[in-house]
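Undergrad: What follows is a single structure, and I will ask about it in a moment.
Here, each number is a calculation from the coordinates, and none is a lab measurement. None of these values were measured; they are calculated from a predicted model. Positions of Cβ are generated from backbone atoms using ideal geometry, with glycine treated the same way; all protein chains shown enter the neighbour counts.
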Amino acid sequence: MSEYILELESITKIFPGVKALDDVSFKIKKGEIHALVGENGAGKSTLINIISGVFEPTKGQVKVDGRPEKITNPGKAFDLGIGVVHQERNLIDTFNVAENICFMDVSTGKSKLIDKEAMKQKAVKDMERVGLDLDPGQGIEELTSGKKQMLEIARAMCMDSKVLLLDEPTASISLTEADQLLKTVKQLREEGVSIIYISHKLEEIFEIADSITVIRDGKNVGQTLPASSLDKDKLIELMVGRKHVIETYANREFESAPVVLEADEISSKKNTIPKSFYLKKGEILGWYGLVGAGRTEFAREIIGIDPVRKGTLKVKGQEVKIGSYEEAFQKYKICYISENRKEEGLFLQHSITDNIGIIALKEICSRGGFISYKKQDEITEKYKKSLSIKAKDIFVETASLSGGNQQKICIAKGLCVNPEIMIIDEPTVGIDVNTKGEIHSLIYELSNQGISVIVISSDMGELVQLADRIIVFKDHEIKGELENNKDYGSMSTKVMGSILL
Ligand SMILES: Nc1ncnc2c1ncn2[C@@H]1O[C@H](COP(=O)(O)OP(=O)(O)OP(=O)(O)O)[C@@H](O)[C@H]1O
Ligand SMILES: [Mg+2]
């Protein structure tokens with residue numbers, strides 16, 4: 001028996017044209033929470049994929065409990081007691097809750113349990129463990145992304161794993177769900193489970209990790225360190241390779257600026273509580289609320305995806321009825337960048353340049369209707385540079401990019417239509433600290449050029465840093481509106497105050 005449950009020795013992974021991992025090594029003790037941190041594209045998910053049998057390493061060796069193992073497929077990982085929650089959702093839409101939870105047991109033959117009743121009972125027990133209360137017989141398509149995420153976590157946690165791999169498990173769940181998750185993770189550690197935890201939320205890392213390995217550009221940065229020997233600044237410095245400076249954005253004055261978007265008592269069949277707000281030219285308006293507060297739904301009504309029942313909407317002072325998203329962006333130059341990049345944002349099987357090209361058609365088409373691929377590539381190169389999109393070139397499939405880099409492409413797509421109003425839904429979920437700063441300064445720059453921006457975020461720090469004004473949502477209602485004085489302490493007190501109202 002080894003002191004270490006998992007050892008990675010000199011792991012290298014080469015994809016065609018990309019060395020995603022280069023000689024990475026680390027070890028995890030039994031009953032330890034080991035954090036893996038690094039910027040977008042550093043190679044964290046690739047490591048998870050290797051340990052969980054999705055990819056085989058090009059070189060190097062994985063040892064489980066002291067024994068070298070070839071983890072050639074996910075079933076093998078499961079047999080070795082390795083449970084995983086991947087960065088991307090992995091549920092089967094046509095299965096109900098219980099079937100999704102018991103899927104691995106049945107498919108790997110570990111259990112012949114097709115007994116529906118037994119399956120339901122297991123599902124309820126497993127969900128209880130993570131504080132999830134769903135009907136085991138219900139379908140999953142209607143679940144929010146947070147609930148889906150918790151369901152996957154329940155599944156992985158209840159496989160009696162010796163090792164649990166969690167790749168950004170809290171990226172799209174509410175604060176309460178995240179708290180519950182962290183508690184469960186700590187509980188599992190008490191039970192002797194070893195956990196690899198990946199997150200861009202460094203507070204979480206410091207809350208739960210025993211040890212930290214930093215990965216930069218596919219390589220180890222120094223040795224694995226005890227979490228207690230680091231602080232946030234030191235950790236960021238290791239991740240990005242230089243001192244990290246947090247930008248501050250000046251307070252701005254909008255008194256004389258024209259209102260570009262105004263909603264007056266808007267309600268819909270689903271959201272019956274009327275809501276009003278205004279947005280001024282060049283202003284950044286934060287929409288704060290917890291996941292599930294109804295901000296995305298409201299945005300969808302504004303941009304014509306879901307129908308508005310009552311109330312009026314004005315764009316630049318003119319009353320409008322926006323019947324479709326196409327109309328929103330072609331006629332009124334309102335663009336929306338979805339929080340659901342995978343489902344609504346990108347054509348994953350297509351290259352970066354094709355994803356941009358499809359949106360920038362106007363710019364790249366000649367009068368005769370011919371597409372200039374040269375122009376398309378130039379535009380794409382411009383965004384690749386200005387948003388520091390990390391990819392070998394603009395011709396790679398977007399599916400092969402890291403999560404954060406996919407988000408940057410979604411932002412680039414939004415910018416291509418030369419919007420006057422942008423609604424960006426959770427712009428920095430899953431984005432590393434450094435890139436987060438880049439995206440913030442990009443949004444600020446856009447607003448300085450006169451674009452009005454609504455930033456929907458569950459990250460109060462982000463809005464206090466960036467927004468000019470913040471409105472607060474709770475339970476599909478606007479609970480307050482606050483001028484932002486950019487002081488986190490006083491703003492968070494005020495925001496919480498309006499939520500409690
Ligand atoms: N299937 C693949 N084909 C080609 N390249 C890939 C593939 N999967 C990952 N890569 C590349 O490997 C590198 C590491 O990506 P990975 O997804 O591991 O990063 P990450 O650290 O998880 O980033 P993030 O924080 O954004 O999730 C990136 O350059 C990525 O483009
Ligand atoms: Mg990743």
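Undergrad: Sorted from largest to smallest, which semi-axis lengths in Å does the alpha carbon gyration tensor of the stretch 393-501 give for its equivalent ellipsoid, taking the root of 5 times each eigenvalue? Don't skip to the end; give the middle numbers.
TA: Working: eigenvalues 159, 47, 34 Å².
So the three semi-axes of the stretch 393-501 are 28, 15, 13 Å.
Undergrad: Find how much the distance from T493 to L348 grows on full extension, using 0.36 nm per residue of separation minus their present alpha carbon separation; answer in nm with one decimal. Write out the running numbers ahead of the final one.
TA: Details: separation 145, 0.36 × 145 = 52.20 nm, distance 4.12 nm.
Between T493 and L348, full extension yields 48.1 nm more.
Undergrad: When all C-alpha to C-alpha distances in the chain are sorted into bins of 20 Å, what percent of pairs does each bin hold, rounded to whole numbers?
TA: Once binned at 20 Å, the Cα pair distances of the chain give 22, 54, 24, 1.
Undergrad: If each Cα of the stretch 4-240 is one equal point scatterer, what is log10 of I(q)/I(0) from the Debye formula at q = 0.07, 0.10 Å⁻¹?
TA: -0.22, -0.45
Undergrad: With equal scatterers on the alpha carbons only and no solvent term, can you work out the Debye log10 of I(q)/I(0) for the stretch 302-375 at 0.28 1/Å?
TA: The computed values of log10 I(q)/I(0) come out as -1.25.
Undergrad: Quick check on packing: order 247-253, 492-498 by the mean number of other C-beta atoms within 10 Å, highest mean leading. Don't jump to the answer; show the numbers that get you there.
TA: Working: 247-253: 10.9, 492-498: 15.3.
Those peptides, ordered most packed to least, come out 492-498, 247-253.
Undergrad: Explain nothing, just the number: dipole magnitude of the chain about its Cα centre with +1 on each Lys and Arg Cβ and -1 on each Asp and Glu Cβ, in debye rounded to the nearest 20.
TA: 780 debye
Undergrad: If you don't mind, another one. Would you mind working out the magnitude of the charge dipole of the stretch 4-240 relative to its Cα centre, with +1 at each Lys and Arg C-beta and -1 at each Asp and Glu C-beta, to the nearest 20 Debye?
TA: Values: 31 positive and 38 negative charges, 141 e Å.
Dipole magnitude for the stretch 4-240 comes out near 680 debye.
Undergrad: Once the piece of chain linking K270 and E56 is laid out straight, how much longer is it, given 0.36 nm per residue of separation minus the C-alpha distance between them?
TA: Details: separation 214, 0.36 × 214 = 77.04 nm, distance 4.70 nm.
Length gained, K270 through E56: 72.3 nm.
Undergrad: Tell me the angle of helix 175-190 to the major Cα principal axis of the chain, expressed in degrees between 0 and 90 and rounded to the nearest ten.
TA: Tilt relative to the chain: about 10 degrees.
Undergrad: Please give the helix 373-386 orientation as an angle from the longest Cα principal axis of the chain, in degrees from 0 to 90, rounded to the nearest 10.
TA: 70 degrees
Undergrad: Want the number for E378 to K486: 0.36 nm per residue separation, take away the alpha-carbon distance, what's left?
TA: 35.1 nm
Undergrad: Tell me, how many Å apart are the Cα centres for the stretch 450-479 and for the stretch 46-70?
TA: The stretch 450-479 and the stretch 46-70 have Cα centres separated by 42 Å.
Undergrad: Taking only Cα atoms, what is the 0 to 90° angle, nearest 10, from helix 488-500's long axis to the longest principal axis of the chain?
TA: That works out to roughly 80 degrees.
Undergrad: A follow-up question, please. Just to be sure I understand: of the beta bridges DSSP finds with both ends in the chain, what percent are antiparallel, rounded to 5?
TA: Roughly 55 percent of the beta bridges in the chain run antiparallel, per DSSP.
Undergrad: Note down the magnitude of the dipole of the stretch 76-215 about its Cα centre, charges +1 on Lys and Arg C-beta and -1 on Asp and Glu C-beta and zero elsewhere, to the nearest 20 debye. Please list the in-between numbers first.
TA: Working: 17 positive and 25 negative charges, 79 e Å.
Around 380 debye, computed over the stretch 76-215.
Undergrad: Once each part is reduced to its C-alpha centroid, what is the distance from the stretch 222-256 to the stretch 108-178 in angstrom?
TA: So the two Cα centres are separated by 34 Å.
Undergrad: At D23 and S229, where each label point lies 7 Å from the Cα along Cα→Cβ, what is the point-to-point distance in nanometres?
TA: Output for this residue pair reads 2.1 nm.
Undergrad: Given a cut-off of 25 Å, name the pairs among K275/K316; K29/K219; K76/K147; K186/K494; K44/K474; K148/K275 whose C-alpha atoms lie farther apart than that in the structure shown.
TA: On the way: K275/K316 19 Å; K29/K219 21 Å; K76/K147 28 Å; K186/K494 32 Å; K44/K474 34 Å; K148/K275 28 Å.
Exceeds cut-off: K76/K147; K186/K494; K44/K474; K148/K275.
Undergrad: Based on the mean of other beta carbon atoms within 10 Å per residue, what is the order of 78-91, 131-144, 259-272, most packed first?
TA: Numbers: 78-91: 19.6, 131-144: 14.2, 259-272: 16.9.
So the peptides 78-91, 131-144, 259-272, ranked by packing, come out 78-91, 259-272, 131-144.
Undergrad: Can you tell which of S267, V429, L134 lies farthest toward the positive end of the dipole of the chain, using +1 and -1 charges on the Cβ of basic and acidic side chains (Lys, Arg; Asp, Glu)?
TA: It is V429, whose Cα lies furthest towards the positive end.
Undergrad: Taking N as the number of residues in the stretch 1-103, what is its Cα Rg relative to 2.2 N^0.38 Å? Please report the intermediate quantities before stating the final value.
TA: Details: Rg = 14.7 Å, N = 103, 2.2 N^0.38 = 12.8 Å.
Cα Rg divided by the expected 2.2 N^0.38 Å: 1.15.
Undergrad: Each label point is 7 Å from the Cα along the Cα-to-Cβ direction; what then is the distance between the points at N251 and S441, in nm?
TA: My value for the distance between the label points is 2.4 nm.
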